[in-house]
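Notes follow once the structure below has been shown.
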Amino acid sequence: MDISERLKLIASMIEECDTIVDVGTDHGYVPIYLVKRGLIKKAIASDINKGPVEKAKNNIELNKVSRQISCRLGSGLSTVKKGEVEVAVIAGMGGNLIRDIMESDLDVVKELDYMILQPVQNAEVLREYLYNTGYDILNEEICNDDGRFYEIIKVKYNNKPVVIDSIYYEISKVLLDKKHIVMKEFIEYKLQKYTKIYDTLNEDTITSKNRKKHIYYIKSKLEEFLKCF
């Protein structure tokens, strides 16, 4: 079964283990891929919507992995019991929603070996939550799949908040330190985006002035980061 670069990268961050839950599984591609390669023994493919669960069931049957993968309909991590799985994958949704899913079932999160998180937008909101709440960021990856950037974060709950410059919510410190090959392109993309925002802001109000000052700071930091490559 052929899967996208984004999903392959998510799968590559999972070490051999017994059981995972894939939250927002959609077609069930990640659990199927992992089971067929012998990286996991069992998986729970979970989604809040009936349509994706049915699609996942069909794909699981087609790939002859029904004994190893079960499907569950429900919200976030509410579909699994505390200690039932070792790893959770929460991918393909906004950073705000991923944060809310984690908060809603923190008792499940605390028992996990680690989580693989892949926000499609608002990664900065998710990183801010991770640092401020107390998570070890074990690793991060990034890819450009079909013209779109995807950031993937591997974390474990530790209840030890970290104070860090807010620019690292926006730009991964882990990936910067790695000098990840895709990061230069990603920072250039971010810089272009923030330059456009900066140029459109007027300074008639205190809120606008503060916003412009903040955007200027982000732009300056991004320019500084680019010099590292």
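The values are calculated or read from the model by the stated rules, or taken from the named source; none is laboratory data. Every value quoted in this text rests on a predicted model; they were computed, and no experiment measured them. Every residue, glycine as well, gets a Cβ built from its backbone with ideal geometry; the counts of neighbours run over all protein chains shown. SASA here: full protein model, heavy atoms, side chains in, ligands and nucleic acids out. Shrake-Rupley method; radii C 1.70, N 1.55, O 1.52, S 1.80 Å.
For region 1-47, the C-alpha radius of gyration divided by 2.2 N^0.38 Å, with N the number of residues, is 1.01. Largest first, the residues Ile153, Ile164 sort by 1.4 Å accessible area into Ile164, Ile153. Of the trypsin sites (Lys or Arg not before Pro) in region 135-229, the ones in a loop by DSSP (not H, G, I, E or B) with at most 11 other beta carbons within 10 Å are Lys179, Lys227.
Applying the criteria of a DSSP loop state and at most 16 other Cβ atoms within 10 Å to the GluC sites (Glu not before Pro) of region 65-135 yields Glu84. Summarising the overall dimensions of region 132-204 from its C-alpha atoms, the Rg and Dmax are 14.9, 44 angstrom.
Summary of packing: across the peptides 131-140, 31-40, the per-residue average of other C-beta atoms within 10 Å ranks them, highest first, as 31-40, 131-140. At q = 0.30 Å⁻¹ the log10 of I(q)/I(0) for region 162-209 amounts to -1.07, computed by Debye summation with a single uniform scatterer per C-alpha, solvent ignored.
Shown in residue order for region 111-121 are the 3J(HN,Hα) couplings computed by the Karplus curve 6.51 cos²θ - 1.76 cosθ + 1.60 at θ = phi - 60°: 8, 6, 5, 5, 10, 10, 10, 9, x, 8, 8 Hz (x for Gly and Pro).
Once you have the Kirkwood Rh of the chain from its Cα pairs, apply Stokes-Einstein at 20 °C and 1.002 mPa s and quote D in µm²/s. So the translational diffusion coefficient is about 114 µm²/s. For region 139-171 versus region 1-76, the spacing of their alpha-carbon centroids is 23 Å. Span-like helix criteria (full DSSP H runs; alpha carbon extent of at least 27 Å along the helix axis; mean Kyte-Doolittle hydropathy of at least 0.0) are satisfied in the chain by no helix.
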